[in-house]
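To start, the structure under review is shown below, and the notes come after it.
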Amino acid sequence: SGVLVGMTFTFYPHSGTQYLIIAFGVVIIGGLGSLPGTFLGGLVLGVSQLFGGRILGPGFQLLSGYIILLIILTVRPQGILGGR
Amino acid sequence: MLAKPIRPILIVVLLAFLVTMPLWASRYAVNVGLLVCLYVTLASMWNLLAGYSGMVSLGQQMFIGLGGYTLAVSSMYFGVPIYLSVLFGGFTSVILAVLISMSVFRMKGVYFAIGTWVIAEALGICFSNWGYVKYGMGMFIQPAYKLSMSGVYYAGLILCVSSVALVFLLLRSNLGLALMAIRDDDQASEALGVNIFRCKFICFLISAFITGLAAGVLYLNAIFIQPFEAFGISWTVNLLFIVIIGGIGTVEGPILGAIIFVLLQQFLSEYVGYNMIIFGAITIGVIFFAPKGIVGTIQVKTGWELFPVRRQ
């Protein structure tokens, strides 16, 4: 997947942290320990980023993803499809 | 054991050394001393949260960024006197801590760490999209141009000494006893009547306030603030390095760790790529061979502490 990211987006040595946050966000939204949850989490995060970017402006794209992540962390920390 | 008066004598000698430094040291040495004082303050507060309250926060940079931006905005746009602006930085950090505490205290463990990190990143993006603080170009803090190096150094020194004293006194008080009980077993301590939320909340607010103040003095020295650097994760990475090497859960650990970190950073500043590798290698080495950090290992081996917080 790193190769695919490299083919699609620009990257530079410091871009690792950005993708780390995205990975954390996807797993937390979907639920730790649940594979369909990860797929769902990726979908939710991507769609919320695009909607937020459309409504609030292009600079706020990442922010809308973070806001959804914070809402899920507060309301349902185990994620949408998480167990326990 | 050792003679009783050795601890106060050591502390007095150290304080005399630090207070008189602008008189005999070069400007560069005073700058390094200021950096050490500020990192000691930041690391002590991070240690209070992580080592004593059990809340590993990866988001302390939100208070650093907010404190710095409050300093910039209130001194440049509102003409507030510069040291009062530093105080305002502390106040806005406390307000931010109160605002996020409702949501952040519902998260436990690793979720708390990631939640605080994400809040800091979100604040960074907000500030970089805000025209009032000049977007991502950053702000120059012009009223800080005419401050003297020794003035800023004394501000940093006062902050450092009072924050270490605050942590020491806090830990010896009832709140400290409650904190150590929570750290060891929070369900058992709740059964004994310790109000976990109140203790953690007070620690969170104290650390937010002092981090905001330290950020103000930091940006008095640096004079330029930029959103992604101010709210970036590198602050927490450096604080992690300091506290791990020094010793998590000790009062002297952040002091020793900050001295090692700032001196290493200055020596290795010429080798731009290698310094991070060396920092990482040292941290991994300390985690493997001395997981309690340097001060922690000394405490375990010899039983001697400069600032004793154990109950006898």
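The values are calculated or read from the model by the stated rules, or taken from the named source; none is laboratory data. It should be emphasised that the depicted structure is a prediction, and the values quoted were computed from it without experimental measurement. Neighbour counts are summed over all protein chains in view; Cβ atoms, including those assigned to glycine, are modelled from backbone coordinates with ideal geometry. Remember, those area values only see protein heavy atoms, side chains included, never the ligands or the DNA or RNA. Shrake-Rupley method; radii C 1.70, N 1.55, O 1.52, S 1.80 Å.
Here are the numbers for this structure:
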| read-out | value |
| --- | --- |
| Amide H contacts under 5 Å for B:GLY249, placed H, 5+ residues apart | B:GLY51 |
| Cα-based helix-to-principal-axis angle, A:61-75 vs chain A, degrees rounded to 10 | 10 |
| Accessible-area value, B:ARG183, 1.4 Å probe, nucleic acids and ligands omitted, Å² | 100 |
| Approximate spin-label separation B:TYR135-A:PHE11, in nm, with each point projected 7 Å along Cα-to-Cβ | 2.8 |
| Overall form of region B:26-118 per C-alpha gyration tensor (a/c, 1.5; a/b vs b/c) | oblate |
| Förster radius 30 Å - calculated FRET efficiency between B:PHE197 and B:THR297 (Cβ-Cβ, nearest 0.05) | 0.35 |
| Translational diffusion of the protein assembly as shown, µm² s⁻¹ [Kirkwood Rh, Cα pairs; Stokes-Einstein; 4 °C; 1.567 mPa s] | 58 |
| Residues along region A:27-43 losing 50 Å² or more of accessible surface when the other protein chains are present rather than the chain by itself (probe 1.4 Å) | none |
| Orphan Cys of chain B, criterion: no other Cys C-beta under 4.7 Å | B:CYS126, B:CYS199, B:CYS203 |
| Three-way shape call for region B:96-187 based on the alpha-carbon gyration tensor, with the a/c threshold at 1.5 | oblate |
| Per-residue SASA entry for B:VAL94, accessible area with 1.4 Å probe, Å² rounded to 10 | 40 |
| Candidates per chymotrypsin sites (Phe, Trp or Tyr not before Pro) in region B:251-295, loop by DSSP, up to 11 other Cβ within 10 Å | B:TYR271 |
| Probe 1.4 Å, accessible area per residue of region B:190-250, Å² | 34 |
| Pair-distance profile P(r), taking every C-alpha pair of region B:179-312, with 10 angstrom steps and integer % | 10, 29, 35, 20, 5, 0 |
| Candidate lysines - alpha carbon under 25 Å from B:LYS200, same-chain residues fewer than 8 apart omitted | B:LYS108, B:LYS292 |
| 10 Å Cβ neighbours from other chains, averaged over peptide B:198-204 | 0 |
| B:ILE277 versus A:LEU50: modelled label distance in nm, points set 7 Å from Cα along the beta carbon direction | 4.2 |
| Shape metrics for region B:118-166, restricted to C-alpha atoms - Rg then Dmax, Å | 15.9, 40 |
| Heavy atoms of B:TRP130: accessible area, 1.4 Å probe, square angstrom to 10 | 120 |
| Peptides B:250-257, B:175-182 ordered by average Cβ neighbours within 10 Å, highest first | B:250-257, B:175-182 |
| When chain B is reduced to its Cα atoms, the Kirkwood hydrodynamic radius in Å | 20.1 |
| FRET efficiency estimate (nearest 0.05) - Cβ-Cβ, B:LEU84 to B:TYR28, R0 25 angstrom | 0.30 |
| Under-5 Å amide H pairs with B:GLY59, H placed in peptide plane, nonlocal only | B:TRP117 |
| Label-point separation, A:VAL75 to B:LEU169 (7 Å along Cα→Cβ), nm | 4.4 |
| Test item: A:61-71 mean partner chain Cβ contacts at 10 Å | 4 |
| Area hidden from solvent between B and A (accessible, protein heavy atoms only, 1.4 Å, total, Å²) | 1600 |
| Chain B: DSSP helices with Cα axial extent of at least 30 Å and average Kyte-Doolittle hydropathy no lower than 1.6 | B:82-104, B:149-172, B:196-222 |
| Extension gain from B:LEU147 to B:PHE267, taking 0.36 nm per residue of separation minus the Cα-Cα distance | 40.5 nm |
| Residue among B:VAL272, B:VAL80, B:VAL32 with the largest mean-square fluctuation in a Gaussian network model of chain B, springs linking Cα atoms under 10 Å | B:VAL272 |
| Rounded to 10°, Cα long-axis angle of helix A:35-56 versus longest principal axis of chain A | 60 |
